[in-house]
Amino acid sequence: MVRVVEVTLEGLQGLEAEFATRLTERLVDVGGMALPKSGSVAIDLSWTSREVSAQELLRLLRSVLEELGIAEGCEVVLDEDRLVVRAKDRDAVLEGLRRSGALRRPQAGSELHQCPHCGYVTPYEELLREHLKIHYIGL
Ligand SMILES: [Zn+2]
């Protein structure tokens, strides 16, 4: 039976791969895996050794958020058979990512983007674009 659960990431663009990697780490025991897509992560539960409930997925997502240091700034919503992870507080998310070091993990083949104003570094161009806005507030 094919069973794929879509997790939409709202306001968290650029973190799909980070989410997918960490979710797969947590699902590997039961035979599940997560794949990064654009703006979402697809959790493939087609070959799991047992039923994985939506509540269990919610719990896994929250533990990923905690590992990334962004549990405070995000909320996880279960909407019918769809899961949504939403950034409520972008500043808290960026600060959390920086503090947890999640974005400083070296990634093969990816270049780093550096802020010309303060030296902030991220492998995600999208996050740098978001970050740059803090320097232009009030202009
Ligand atoms: Zn900066």
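None of the figures in this text is laboratory data; all of them are computed from the coordinates on show. Bear in mind the structure is a predicted one, so any value in this text is a computation, not a measurement. Here Cβ is always computed from backbone atoms with ideal geometry, including for glycine, and neighbour counts include all displayed protein chains.
Look through the stretch 1-24, keep the residues that are among the β-branched types (V, I, T) and farther than 14 Å from L83 by Cβ, and return whichever of them is surrounded by the fewest Cβ atoms within 10 Å (Cβ to Cβ).
V2
What are the residue pairs meeting all of these: first residue in the stretch 1-16, first residue among the hydroxyl-bearing types (S, T, Y), second residue surrounded by 19 or more Cβ atoms within 10 Å (Cβ to Cβ) and part of a strand (DSSP E or B), Cβ atoms under 7 Å, and 6 or more apart or on different chains?
T8/S40
Could you identify the single residue in A71, A87, A92, A102 that is touching a strand residue (DSSP E or B) at 6+ places or on another chain (Cβ under 6 Å) and hydrophobic (A, V, I, L, M, F, W, C)?
The conditions single out A87.
Say whether the condition of being free of Cβ contacts under 8 Å to residues at least 24 places away in the same chain, more than 14 Å from L15 (Cα to Cα), touching an Asp or Glu at 6+ places or on another chain (Cβ under 7 Å) and within 14 Å of the ligand (Cβ to nearest atom) is met by at least one residue in the stretch 106-126.
yes
Provide a single number: the residues in the stretch 25-47 that are of a type outside the set (A, V, I, L, M, F, W, C) and either crowded, with 17+ Cβ neighbours inside 10 Å or outside any loop (DSSP other than H, G, I, E, B) (or both).
So the answer is 7.
Do you know which of the residues in the stretch 51-85 that are in a helix (DSSP H, G or I) and basic (K, R) is surrounded by the fewest Cβ atoms within 10 Å (Cβ to Cβ)?
So in the stretch 51-85, the residues in a helix (DSSP H, G or I) come out as 54-68.
Checking which are basic (K, R) leaves us with 59, 62.
Numbers: R59: 13, R62: 15.
Within the stretch 51-85, the match that is surrounded by the fewest Cβ atoms within 10 Å (Cβ to Cβ) is R59.
Would you mind telling me which numbered condition in (1) more than 18 Å from the chain's Cα centre (by Cα); (2) of a type in the set (D, E, K, R); (3) surrounded by 12 or more Cβ atoms within 10 Å (Cβ to Cβ) R98 fails?
Tallying (1) more than 18 Å from the chain's Cα centre (by Cα); (2) of a type in the set (D, E, K, R); (3) surrounded by 12 or more Cβ atoms within 10 Å (Cβ to Cβ), R98 fails exactly one: (1).
Being surrounded by 13 or more Cβ atoms within 10 Å (Cβ to Cβ) and assigned to a loop (DSSP other than H, G, I, E, B) is the filter here, so list the residues in the stretch 117-139 that pass it.
Y120, P123, Y124
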